1. In Å³ and rounded to a whole number, note down the convex hull volume per residue for the Cα atoms of the range 85-155.
2. Using a Förster distance of 30 angstrom, determine the FRET efficiency expected from the C-beta separation of residue 38 and residue 1, and round it to 0.05.
3. Which is the longest part of the chain that has none of the trypsin sites (Lys or Arg not before Pro) sitting in a DSSP loop with at most 13 other Cβ atoms within 10 Å?
4. Could I have the simple spin-label model distance between residue 130 and residue 68, label points 7 Å from Cα toward Cβ, reported in nm to one decimal?
5. R0 = 22 Å: FRET efficiency of residue 119 with residue 79, Cβ-based, nearest 0.05?
6. Please give the direction-averaged projected area of the C-alpha convex hull for the range 2-74, in square nanometres with one decimal.
7. Can you pull out the GluC sites (Glu not before Pro) in the range 68-127 whose DSSP state is coil and whose Cβ has at most 16 other Cβ atoms within 10 Å?
8. About the Cα centre of the chain, what is the dipole size in debye to 20, counting +1 per Lys and Arg Cβ and -1 per Asp and Glu Cβ, all else neutral?
Amino acid sequence: MARIDLTVDGAKVSDDVEPRMLLVQYLREKLGKTGTVIGCDTSNCGACTVHLDGRSVKSCNVLAVQASGHEVTTIEGLADTHEGGDLHPVQEAFRECHGLQCGFCTPGMIMQAVDLLAENPSPTEAEVREGMEGNLCRCTGYHNIVKSVLHASSSTAGGAQ
């Protein structure tokens, strides 16, 4: 077993984990953060995307021990870390623009979009499509996802951070 200490959605946590435990497994199984979805276990789909120290990572590709000493934000913590506990502007944009269908990929899409907009607050449609290409959706055809990200970028001063 290995001891890890990290901050998840603003709360400090300490735990003993198997050294081979993936961050996605730790978040879901130990902390109950089931909004972080296991989609493929091969880092291809992006459904498990979370923020590690403010940058998006596919949590099926990170060991829990690698996150020790760092800050993790999940989809559950995104609104809580935003002003007043309201939905984050990207979450709101996905709601307003119907950027989901079945919803399975949505948490990862939103987490990736937040990182994309933090890096590029005013992306073009082509830049959104390129920035989101590591996250797969099997239902929507991406039109409303791209529309949601563009809406979030235009509806927030200086981007959706």
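Where a number appears in this text, it was derived from the coordinates with a stated rule and is not lab data. On a predicted model such as this, the values are computed, not experimentally measured, just so you know. Using ideal geometry, Cβ is built from the backbone for each residue, glycine included, and neighbour counts are taken over all protein chains shown.
1. Convex hull of Cα atoms, per residue: 80 Å³.
2. Once the sixth-power term is evaluated, E becomes 0.85.
3. Counting at most 13 other Cβ atoms within 10 Å as exposed, the longest clean stretch of the chain is 21-137.
4. 3.9 nm
5. 0.60
6. Value for the range 2-74: 4.0 nm².
7. In loop regions of the range 68-127 (DSSP not H, G, I, E or B), there are no sparsely surrounded GluC sites (Glu not before Pro).
8. 380 debye
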